[in-house]
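Read the figures in this text as sums done on the coordinates, not as results from a lab. Computed from a prediction, not measured in an experiment: that's the story for all the values here. Cβ coordinates were reconstructed from backbone atoms using ideal geometry, including for glycine residues, and neighbour counts include every protein chain displayed.
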Amino acid sequence: MAKVLNLVTGIIGVLYICGQILYYGTVQFLKVKGYSQAELRADDHKIIFDWVIFMAFLLVILSCFALITNFIKFEEANFGLRVCLSIVSIFMPFMHIKNHFTILVEGVFLVLFGIYLYSVEKNKKSI
């Protein structure tokens with residue numbers, strides 16, 4: 001159960017980051033084109049914004065459940081990695097600041113998730 005929750009949390013986190021990249025990429029593209037209110041024009045129908053909010057909500061809820069199951073299954077391998085992944089994914093939607101710190105937190109999340117996927121694959125081969 002803990003492995004499934006960690007994997008789902010990671011996948012939702014990646015989708016959340018992709019939604020943010022899409023939104024901010026669209027805003028930057030419109031600013032280059034000369035729109036003064038690019039943030040309003042980027043998502044006129046609120047599709048991307050609703051996607052990011054929905055993914056953030058799912059990410060926080062599932063990360064909390066993953067953190068609880070990781071504490072219950074503390075004897076399994078990579079306990080520290082799983083807890084760090086859960087904590088970073090819980091706080092990632094709340095670090096919504098337009099600066100390099102947000103990019104750093106999202107990068108840390110992607111690195112932790114990549115290491116977790118590698119460790120799951122390595123443990124599966126050693127069985």
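Among the residues of segment 66-85, some residue qualifies, meaning at least one is touching a residue at least 60 places away in the same chain (Cβ under 8 Å) and among the β-branched types (V, I, T).
Would it be correct to say that I21 is under 24 Å from L104 (Cβ atoms), within 12 Å of the chain's Cα centre (by Cα), part of a helix (DSSP H, G or I) and without any contact (Cβ under 8 Å) to a residue 24 or more places away in the chain? Judged against the criteria, I21 is a match.
Just give me the residues in segment 1-37 being over 18 Å from I48 (Cα atoms) and surrounded by 13 or more Cβ atoms within 10 Å (Cβ to Cβ), in sequence order. Full working, then the answer.
In the first step, residues of segment 1-37 are kept if they are over 18 Å from I48 (Cα atoms); the result is 1-10, 32-36.
Across segment 1-37, the qualifying residues are A2, K3, L5, N6, L7, V8, T9, G10, Y35.
Of the residues making up segment 107-127, those that are farther than 14 Å from S63 by Cβ and touching a residue at least 60 places away in the same chain (Cβ under 8 Å) are L110, L117, V120. The number of residues in segment 68-78 that are in a helix (DSSP H, G or I) and either within 18 Å of V120 (Cα to Cα) or in contact with a helix residue (DSSP H, G or I) (Cβ under 8 Å, 6 or more places away or on another chain) (or both) comes to 4.
Determine whether I90 is free of Cβ contacts under 8 Å to residues at least 24 places away in the same chain and surrounded by 13 or more Cβ atoms within 10 Å (Cβ to Cβ). Here the answer is no, as I90 does not meet what is asked. The residues listed here are F65, F54; of these, the one that is in contact with a Leu (Cβ under 8 Å, 6 or more places away or on another chain), surrounded by 14 or more Cβ atoms within 10 Å (Cβ to Cβ) and part of a helix (DSSP H, G or I) is F65.
Collect the residues in segment 79-127 that are farther than 21 Å from L5 by Cβ and assigned to a helix (DSSP H, G or I), keeping them in residue-number order. Answer for segment 79-127, where residues must be farther than 21 Å from L5 by Cβ and assigned to a helix (DSSP H, G or I): H100, F101, T102, I103, L104, G107, K125, S126.
From the residues in segment 81-106 that are polar (S, T, N, Q) and under 16 Å from S63 (Cβ atoms), which one is farthest from the chain's Cα centre (by Cα)?
At the first step, the residues of segment 81-106 found to be polar (S, T, N, Q) are 86, 89, 99, 102.
Next, from what is left, pick out any that are under 16 Å from S63 (Cβ atoms): 86, 89.
Values: S86: 10, S89: 6 Å.
So the residue we want is S86.
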